[in-house]
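Report on the structure given below.
Readers should treat all values here as calculations from the given coordinates under stated rules, not as data from a laboratory. None of these values were measured; they are calculated from a predicted model. For neighbour counting, all protein chains shown are included, and Cβ atoms are generated from backbone atoms with ideal geometry for every residue, glycine included.
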Amino acid sequence: MREKFARFMYGRYGIDTLGKWTVGAGLLAMLITHLTDSYTLFLISWGCIIYAYFRMFSTNIYKRSAENQAFLNKTARIRGWFSRQKGMATQRKTHHIYRCPGCRQKIRIPKGKGRIEIRCPKCSTTFIKNS
């Protein structure tokens with residue numbers, strides 16, 4: 001069965017980031033539809049799911065790739081912001097992140113060093129914080 005599906009998908013586009021987001025938006029719309037009983041939202045949710053499957057089974061790989069690249073270009077700032085927040089959350093386990101009182105520059109200090117004097121690398125302001 002797996003080989004049959006692999007042969008069927010040969011030459012087809014498959015799933016990508018835009019497809020994942022489209023399926024997610026469709027499922028979220030379906031969930032909201034069950035709470036509000038909105039027929040318009042019901043049609044939108046099924047439209048998203050059908051469009052995602054259309055893209056997945058499409059043989060026009062160049063066009064689907066261009067659509068995905070346009071989506072990635074438009075959402076780059078939003079995805080970058082979430083990526084930075086995730087990185088900051090992992091850094092908070094081992095470091096404190098302070099802001100310089102002079103220039104508001106973020107400064108990363110390792111935890112467990114006690115009370116230390118911090119010098120801002122940007123404006124050379126010194127201040128004392130717990131590490």
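Values as computed for the structure displayed
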{"quantity": "Ranked by how many other beta carbons lie within 10 Å on average, peptides 119-131, 13-25 from highest", "calculated": "13-25, 119-131"}
{"quantity": "For the chain, fraction of C-alpha pairs farther apart than 27 Å, in %", "calculated": "52 percent"}
{"quantity": "Under-5 Å amide H pairs with His96, H placed in peptide plane, nonlocal only", "calculated": "Ile109, Lys111"}
{"quantity": "Phi-based couplings in Hz for the range 9-25 (Karplus 6.51, -1.76, 1.60; Gly and Pro marked x)", "calculated": "7, 4, x, 9, 6, x, 9, 9, 4, 4, x, 5, 5, 5, 5, x, 5"}
{"quantity": "Percentage relative contact order, the chain, counting C-alpha pairs under 8 Å, at least six apart", "calculated": "18 percent"}
{"quantity": "Charge tally in the Cβ shell below 13 Å around Asn130, where Lys, Arg are +1 and Asp, Glu are -1, Asn130 excluded", "calculated": "+3"}
{"quantity": "Sequence ranges 85-93, 100-108, ranked by mean other-Cβ count within 10 angstrom, highest first", "calculated": "100-108, 85-93"}
{"quantity": "Helix axis angle, 76-91 relative to the chain longest principal axis, alpha carbon, degrees", "calculated": "50 degrees"}
{"quantity": "Helix axis angle, 39-57 relative to the chain longest principal axis, alpha carbon, degrees", "calculated": "90 degrees"}
{"quantity": "The range 21-97 - percent relative contact order, Cα under 8 Å, separation 6 or more", "calculated": "23 percent"}
{"quantity": "Cysteines (scope the chain) whose Cβ has no counterpart Cys Cβ under 4.7 Å", "calculated": "Cys48"}
{"quantity": "Degrees between helix 61-74 axis and first principal axis of the chain (Cα, 0 to 90, nearest 10)", "calculated": "30 degrees"}
{"quantity": "Filter on Lys74/Lys122; Lys74/Lys106; Lys86/Lys113; Lys20/Lys106; Lys93/Lys113 - keep pairs with C-alpha separation over 26 Å", "calculated": "Lys74/Lys122; Lys74/Lys106; Lys20/Lys106"}
